[in-house]
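The values are calculated or read from the model by the stated rules, or taken from the named source; none is laboratory data. Computed from a predicted structure; not experimentally measured. No Cβ is skipped: glycine too gets one built from the backbone with ideal geometry, and neighbour counts run over all protein chains shown. Just so you know, the surface numbers come from the protein's heavy atoms only, side chains and all, with ligands and any DNA or RNA stripped out. Shrake-Rupley method; radii C 1.70, N 1.55, O 1.52, S 1.80 Å.
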Amino acid sequence: MSQPTEIPPGIAPAIILVEPQLAENIGMTARAMANFGLTELRLVNPKNGWPKKGVREAASGATHVLDAARVFASVREAIGDLHYVLATTARERGQMKRVMGPDDAMREAVARGGEGGTRRVGILFGRERVGLTNDEVSLADAIVTFPVSPDFPSLNLAQGVLLTAYEWRRAAGRARLPFSGEMLSPPATREALLSLFDSLEAALDRAGHYPPDKREIMARNMRDILHRMAMTEQDVRTLRGALKALTEPRGRARSDGGPSRA
């Protein structure tokens, strides 16, 4: 069953896989697309037919992308309704085309696509072993390549889609983090901090930590350290609990006179 998407159809680019061979790669491509809000998958003459055994398992839940996938007999048919096409390749093709990294390419895709979705954009990805042919690249407006290490330039098909989809989401202004990590506890009050300082310094006094002639400067240094932590109320409670555990041994007698427990 198709799932609703946060991105209206037609705004995001279509991902076009040319003669993909492995079910795992198609499934992982669908997963990568769903991660970043892309839903339109087009398959050009997939090897050994479609659908493929194992493809849904590899998609890890992104089956709505697979269910909506369209199959075409040729690249020409797959891009026929598009207005701007990008071809991904790992090697120089000797063609007089603009070459971009995925970040610049996706900014261009967003600008070309427009918010109304009236101008459609597609991105071509080639075969697992040999990529796109020169003739297929010639059908595109521009080339996308990835700044990989020259010592190991091989990139998995789904990885290429993942990088491209990520950059598209960033360029479209939709790359919002799912959580912020903001403080859930309010800042500690000065009263709470001073009370913690008093308890800590008293405990250190009892433990003989301070040399008599250095107590004041050492105490000030300790306070400065704690101030730099910009502690929350929860931080203070946590430290007070730890301090209490260190200064009140667990083995002392219970208040009701009964035996203590180890």
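Angle between the Cα long axis of helix 23-35 and the longest principal axis of the chain, 0 to 90 degrees, nearest 10?
60
Leaving ligands, DNA and RNA out of it, rank Phe146, Phe125, Phe179 by accessible area with a 1.4 Å probe, largest first.
Values: Phe146 35, Phe125 5, Phe179 155 Å².
These residues rank, largest area first, as Phe179, Phe146, Phe125.
When Cα extents along the principal axes in Å is calculated directly from the model, which label among (i) 47, 41, 38; (ii) 78, 42, 24; (iii) 86, 44, 41 fits?
After the calculation, the listed value that fits is (iii).
Classify the stretch 33-165 as rounded, prolate or oblate from the Cα gyration tensor: take a ≥ b ≥ c as the square roots of its eigenvalues, call it rounded if a/c is under 1.5, otherwise prolate when a/b beats b/c and oblate if not.
rounded
Which of the trypsin sites (Lys or Arg not before Pro) found in the stretch 156-228 are in a DSSP loop and have at most 11 neighbouring Cβ atoms, other than their own, within 10 Å? Don't skip to the end; give the middle numbers.
On the way: sites: Arg169, Arg170, Arg174, Arg176, Arg190, Arg206, Lys214, Arg215, Arg220, Arg223, Arg228; in loops: Arg174, Arg176, Lys214.
Those satisfying the criteria are Arg176, Lys214.
Once neighbouring chains are kept in place and the probe is 1.4 Å, which whole percent of the accessible area of the stretch 87-166 is contributed by carbon and sulfur? Display every interim value, and only then the final one.
Working: 2260 of 4350 Å².
Reported share for carbon and sulfur atoms: 52 percent.
Please label the shape of the stretch 194-236 as rounded, prolate or oblate, based on the square roots a ≥ b ≥ c of the eigenvalues of the alpha-carbon gyration tensor (a/c under 1.5 means rounded; beyond that, a/b larger than b/c means prolate, else oblate). Write down the numbers at each step before the final one.
Details: a/c = 3.30, a/b = 1.72, b/c = 1.91.
Oblate is the answer for the stretch 194-236, as a/c is 1.5 or above yet b/c matches or exceeds a/b.
Add -39500 (n - 2.57) for each DSSP H run of 4 or more in the chain, then divide by its residues: what number comes out at 222 nm, to the nearest 500 deg cm²/dmol?
On the way: 10 runs with 105 residues, N = 262.
Dividing the helical sum by the residues of the chain leaves -12000 deg cm²/dmol.
Any chance you could check the Cα centroid distance between the stretch 74-128 and the stretch 179-224 for me, in angstrom?
If we compute the Cα centre of each part, the gap is 60 Å.
On the full set of protein chains, 1.4 Å probe, figure out the accessible area of Met222 and give it in Å² to the nearest 10.
Only protein atoms counted, so the area is about 60 Å².
With a 1.4 Å probe and every protein chain left in place, tell me how much accessible area Ile225 has, in Å² to the nearest 10.
For Ile225, the solvent-accessible surface is approximately 80 Å².
What shape does the stretch 73-148 take by its C-alpha gyration tensor, where a ≥ b ≥ c are the square roots of the eigenvalues and a/c under 1.5 counts as rounded, a/b above b/c as prolate, and the rest as oblate? Please list the in-between numbers first.
Working: a/c = 1.98, a/b = 1.25, b/c = 1.58.
It comes out oblate by the Cα gyration axes.
Would you tell me the accessible area of Asp81, worked out with a 1.4 angstrom probe on the heavy atoms of the protein chains, in Å² to the nearest 10?
70
In Å², and per residue, what accessible area does the stretch 168-241 have when probed at 1.4 Å with the other protein chains present?
That works out to 73 Å² per residue.
Hey, with R₀ at 45 Å, roughly what FRET efficiency would Asp81 and Leu184 work out to, going by the Cβ-Cβ distance, to 0.05? Don't jump to the answer; show the numbers that get you there.
On the way: r = 49 Å, r/R0 = 1.09.
About 0.40, to the nearest 0.05.
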